[in-house]
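Report on the following structure.
The values are calculated or read from the model by the stated rules, or taken from the named source; none is laboratory data. Since the model is a prediction, treat every value here as computed from it, not as a measurement. With ideal geometry, Cβ positions are generated from the backbone for all residues, glycine too; neighbour counts draw on all protein chains shown. Surface accessibility is based on the protein's heavy atoms, side chains included, excluding ligands, DNA and RNA. Shrake-Rupley method; radii C 1.70, N 1.55, O 1.52, S 1.80 Å.
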Amino acid sequence: MAKYIINGGARLEGSVAVECAKNAYLPILASTILCEHGDITLYKAPRFTDVINMCAILERLGIAVKHENGVLRINAESANARFVPVEVAKLLRSSIFTLGALLGRFKRARVAYPGGCDIGLRPIDIHLKGLKDMGVKITESHGILNCDATALHGGTITLDFASVGATENLVLCAVLGRERVVIQNCAREPEIVDMCNFLNKMGARIYGAGTDSIEIEPVSRLVGTEYTPIGDRIIAGTYLIAAAITHGEIEVSGVNPAIFASLIDKLRVSGCLLRVKSDKIYLKSPKTLKSVGLIETQVYPGFPTDLQAQLLTLETVSRGSCVVHENIFESRFKFVPELIKMGARVRVRGLSAFVDGVEGLSGAEVYAKDLRGGASLVLAGLCANGYTIVNDIFHIERGYQDLDIRLNELGADIRREAGA
Ligand code: UD1
């Protein structure tokens with residue numbers, strides 16, 4: 001397995017542009033299934049493993065996908081398969097988006113249960129209940145969902161919880177439906193807005209994305225278009241924290257800072273100086289970081305669960321104590337025992353972690369357990385004394401591209417060693 005070897009202690013300095021958001025790209029790729037007419041061009045395609053795997057799933061469905069110099073050219077006119085088997089569905093959580101899109105296009109689909117990061121139970125009951133409320137008949141056999149949407153109808157669907165994935169799946173299923181659908185108590189994440197903007201650019205009529213109620217007026221067809229998805233707020237946040245934890249100075253561009261205001265607020269409390277423009281953000285870290293006191297993950301626009309591990313890691317070397325409540329996923333502290341190997345003082349009690357800042361961390365051999373927790377171990381390695389080896393970085397590469405190259409450009413000393 002590939003690993004990162006980090007010689008800690010270098011102060012990060014310089015500028016970095018972030019890739020397009022993984023969590024926007026993936027549902028947008030699934031949306032292309034719905035397009036029966038013309039070519040789709042998606043710019044700034046990131047080489048995250050999740051994106052590569054999603055493209056492979058589209059190809060298995062008979063869709064033409066070409067990747068040239070960061071541009072994805074997709075034509076879904078030839079889509080002919082309605083079955084996503086377990087060997088590809090298990091590669092990523094977002095494979096479940098093919099369910100809504102295939103039902104939208106063909107009104108029938110067979111999709112295996114999805115894989116993805118092991119950060120909690122991650123059921124799909126809210127997706128399935130919403131689909132059933134729209135008239136989809138669903139049976140299950142041997143881990144495969146057999147779905148029939150020939151009697152798809154409209155109405156108002158109220159989600160029990162504002163699930164990001166369920167909101168996206170239901171929109172995908174409803175776009176080419178017969179009747180108007182309103183999804184209430186839906187999620188408001190900016191990546192959902194981006195997917196809806198893309199669908200609308202192809203001819204869909206989706207209103208209200210970004211609020212807690214989305215309305216979908218059905219259309220009979222979608223046509224190809226060109227699109228550049230939004231920048232990745234989680235990667236941007238990770239680089240900002242990398243600069244903060246090394247007492248550095250950074251400008252991060254290619255992303256709208258308004259979509260991660262909750263992190264910016266926390267970094268200001270920690271003593272960092274931040275200057276925000278429309279598509280870039282500058283951070284200068286102080287000599288001594290202060291604890292932010294409390295981190296509580298919430299649905300958007302609250303503090304994102306996908307930045308919890310990175311900010312908790314910053315807290316391990318900040319003056320004072322901090323309490324972290326993880327309210328979204330139940331297994332998001334798996335990186336903590338690895339941080340403790342590096343000298344961090346953290347106690348986990350259920351869904352809360354209690355962090356007492358220490359003077360510094362020391363390098364150790366650690367293991368990435370999931371995507372964001374893995375990235376946090378890299379952050380810890382950047383500020384630690386001596387060498388840190390982060391193993392199993394395949395988790396990290398699901399959602400970060402060339403992390404070692406970008407960090408070295410900022411002055412870090414990190415080397416990627418390929419697996420045997
Ligand atoms: C998406 C993001 C992920 C992010 C998360 C929360 C993508 C590809 N992934 O994941 O990076 O961490 O939003 O911002 O966009 N739940 C159920 N039943 C369901 C669906 C969800 O109980 O049917 C629960 C989940 O187990 C979890 C919570 O709801 O505890 C939030 O899940 P959800 O918002 O659906 O997140 P994802 O779409 O999986």
In the neighbourhood of G154 defined by beta carbon distances under 11 Å, the net charge of the other residues (Lys, Arg +1; Asp, Glu -1) is -2
Heavy atoms only, probe 1.4 Å: what % of the accessible area of region 299-404 goes to carbon and sulfur, would you let me know? 52 percent
Just in region 273-336: which trypsin sites (Lys or Arg not before Pro) are loop by DSSP and have at most 16 other Cβ atoms within 10 Å? K277, K287
Local electrostatic count at V276 - Lys and Arg +1, Asp and Glu -1, tallied over other residues with Cβ under 12 Å: +1
With Cα springs under 10 Å, the Gaussian network model of the chain assigns the largest mean-square fluctuation among L99, L240, L222 to L222
PRE reach from A420 (point 7 Å along Cα→Cβ): which of region 1-21 fall under 17 Å by backbone N? 1-4
Would you work out the charge dipole size for the chain about its Cα centre, treating the Cβ of every Lys and Arg as +1 and the Cβ of every Asp and Glu as -1, and quote it to the nearest 20 debye? 180 debye
Which of rounded, prolate or oblate describes region 264-356 when judged by the alpha-carbon gyration tensor and an a/c cut-off of 1.5? oblate
Hey, with R₀ at 41 Å, roughly what FRET efficiency would N80 and E359 work out to, going by the Cβ-Cβ distance, to 0.05? 0.10
Ignoring chymotrypsin sites (Phe, Trp or Tyr not before Pro) that are buried or in helix or strand per DSSP, and keeping those with at most 16 other beta carbon atoms within 10 Å, what is the longest stretch of the chain between them? 162-393
Just check region 153-236 against the gyration tensor rule for me: Cα atoms, a ≥ b ≥ c as the square roots of the eigenvalues, rounded for a/c under 1.5, and otherwise prolate or oblate depending on whether a/b exceeds b/c. oblate
Candidates G135, G237, G350: whichever shows maximal mean-square fluctuation once the chain is modelled as a Gaussian network with Cα springs under 10 Å: G350
Per residue, how large is the accessible surface of the chain? Use a 1.4 angstrom probe and give square angstrom. 38 Å²
Just flag the trypsin sites (Lys or Arg not before Pro) in region 153-204 sitting in loop per DSSP whose Cβ has no more than 15 other Cβ atoms within 10 Å. R178, R180
State the answer as a single residue: which of L159, L283, N169 lies farthest towards the positive end of the charge dipole of the chain, with beta carbon charges of +1 for Lys and Arg and -1 for Asp and Glu, about the Cα centre. L159
Could you sort out which of K107/K137; K266/K290; K341/K369; K90/K334 sit more than 18 Å apart by Cα distance in this structure? K90/K334
Environment charge at R415 (Cβ cut-off 12 Å; Lys +1, Arg +1, Asp -1, Glu -1): -1
Size of charge dipole - region 289-420 - debye, nearest 20, with Cβ of Lys, Arg +1 and Asp, Glu -1, no other charges: 320 debye
Relative to a virtual label point 7 Å from the Cα of A17 in the Cα→beta-carbon direction, which members of region 249-289 show backbone nitrogen distances below 15 Å? 251-256, 279-281
Let me know the charge dipole size of region 256-315 about its Cα centre in debye, to the nearest 20, where only the beta-carbon of Lys, Arg (+1) and Asp, Glu (-1) is charged. 420 debye
With label points built 7 Å along Cα→Cβ from the Cα atoms of N146 and L274, find their separation and express it in nm. 5.1 nm
Which of rounded, prolate, oblate describes region 161-204, given a ≥ b ≥ c as roots of the alpha-carbon gyration tensor eigenvalues and a/c under 1.5 marking rounded, otherwise prolate only if a/b is larger than b/c? oblate
Stretched out fully, how many nm does the piece from L294 to V348 gain, at 0.36 nm a residue minus the Cα gap? 18.0 nm
Let me know the Rg and Dmax you get for the chain when you use only its Cα atoms, in Å. 21.4, 63
Label-reachable residues, region 23-57, where backbone N falls under 18 Å from a point 7 Å from E68's Cα toward its Cβ: 38-46
In terms of modelled amide H atoms, which long-range or inter-chain residues lie less than 5 Å from the amide H of L289? R319
Just flag the GluC sites (Glu not before Pro) in region 339-420 sitting in loop per DSSP whose Cβ has no more than 16 other Cβ atoms within 10 Å. E359
